[in-house]
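Inspection log for the structure reproduced underneath, given as structure tokens.
The values are calculated or read from the model by the stated rules, or taken from the named source; none is laboratory data. Note that the structure is predicted; figures quoted are calculated from it, not measured. Glycine also receives a Cβ, built like all others from the backbone with ideal geometry; neighbour counts cover every protein chain displayed. Note: accessible area is taken over every heavy atom of the protein model, side chains too, but ligands, DNA and RNA are not part of it. Shrake-Rupley method; radii C 1.70, N 1.55, O 1.52, S 1.80 Å.
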Amino acid sequence: MKNFVIAITRTCGSGGTTIGKMISNDYDINMYDRELLRLASEDSGINELLFLNVDEHVKKSLLYKVSKKVYQGELIPPESSDFTSNDNLFNYQAKVLRELAEKESYVVIGRCADYILKDKPNVFKIFIHACAEECIKHEMERLCMNEKDAAKHIKKMDKYRSEYYYYHTGEKWEDPKNYDLSIDTSVLGFEKSVQLIKSYINLRMEN
């Protein structure tokens with residue numbers, strides 16, 4: 001089978017990361033999420049802690065709320081004062097994703113991978129979502145939160161992801177036109193969602 005990439009975009013609490021792990025196990029391929037930060041650090045020579053700090057703290061920034069900087073594939077050179085900017089850290093993550101797609105099959109969670117890899121063959125763009133009740137229940141169990149705090153956390157995370165996606169792609173995060181499949185896990189559950197994704201991949205790979 002040719003190399004392929006499963007790019008999963010997910011709403012908070014919908015189980016997208018869990019589904020990604022299940023698929024990576026079934027296919028015996030890597031799944032990249034936070035691991036991508038280490039790879040981008042190695043590629044750029046930028047300290048991994050800087051990537052981690054940006055990943056954690058940029059959620060509190062106004063950056064994504066007031067502007068956009070659509071990814072075009074460029075890299076800022078080391079001699080530039082913007083070398084360690086948020087934009088360039090994103091650019092190096094994108095560079096790693098594109099290079100990995102030439103070498104191996106993998107699952108990637110978030111990171112605007114559906115947009116970054118849109119010109120690559122055999123990229124399967126999946127949007128995972130669920131009803132509010134199921135998302136809240138999932139986050140209450142995962143984070144040991146009460147219902148009110150879980151609902152607040154979900155709203156904050158989904159808002160951030162939407163703004164992050166628009167900033168780097170110029171597209172709307174929840175627009176179904178950006179994806180091959182949109183799956184409601186509160187209807188199908190995790191196991192059947194995985195089966196649906198794998199069936200879709202098999203059909204596509206037959207062509």
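Report whether or not ASN53 is under 19 Å from the mean Cα position of the chain (by Cα), modelled with pLDDT under 65 and not charged (D, E, K, R). Full working, then the answer.
Working: under 19 Å from the mean Cα position of the chain (by Cα): yes; modelled with pLDDT under 65: yes; not charged (D, E, K, R): yes.
Considered against the rule, which asks whether it is under 19 Å from the mean Cα position of the chain (by Cα), modelled with pLDDT under 65 and not charged (D, E, K, R), ASN53 comes out as yes.
Could you list all residues from the range 166-207 that are among the hydroxyl-bearing types (Ser, Thr, Tyr), surrounded by 14 or more Cβ atoms within 10 Å (Cβ to Cβ), out of contact with any Leu (no Cβ under 9 Å at 6 or more places or on another chain) and within 24 Å of SER24 (Cα to Cα)?
Listed by number, the residues that qualify are TYR179, SER182, THR185, SER186, SER193.
Kindly provide the set of residues from the range 125-153 that are open to solvent by less than 40 Å² (accessible area, probe 1.4 Å), within 26 Å of GLN195 (Cβ to Cβ) and hydrophobic (A, V, I, L, M, F, W, C), ordered by number.
Residues satisfying the conditions are ILE126, PHE127, ILE128, ALA130, CYS135, ILE136.
Scan the range 153-160 and tell me whether some residue there is farther than 15 Å from ILE136 by Cα, of a type in the set (D, E, K, R) and within 14 Å of the chain's Cα centre (by Cα). Before you say what the answer is, go through the steps one by one.
Restricting attention to the range 153-160, the residues satisfying the condition of being farther than 15 Å from ILE136 by Cα are 159-160.
Keeping just the survivors that are of a type in the set (D, E, K, R) gives 159.
Next, only the ones that are within 14 Å of the chain's Cα centre (by Cα) stay: none.
Scanning the range 153-160 turns up no residue that is farther than 15 Å from ILE136 by Cα, of a type in the set (D, E, K, R) and within 14 Å of the chain's Cα centre (by Cα).
Suppose we filter the range 22-34 for residues that are assigned to a helix (DSSP H, G or I) and loosely packed, with under 14 Cβ neighbours inside 10 Å; how many remain?
2
Out of all the residues in the range 76-99, is one or more open to solvent by less than 40 Å² (accessible area, probe 1.4 Å), modelled with pLDDT under 65 and closer than 19 Å to TYR165 by Cα?
yes
Being open to solvent by 20 Å² or more (accessible area, probe 1.4 Å), within 18 Å of the chain's Cα centre (by Cα) and either over 18 Å from ASP33 (Cβ atoms) or among the aliphatic types (A, V, I, L, M) (or both), is that true of even one residue in the range 105-119?
Yes - at least one qualifying residue is present in the range 105-119.
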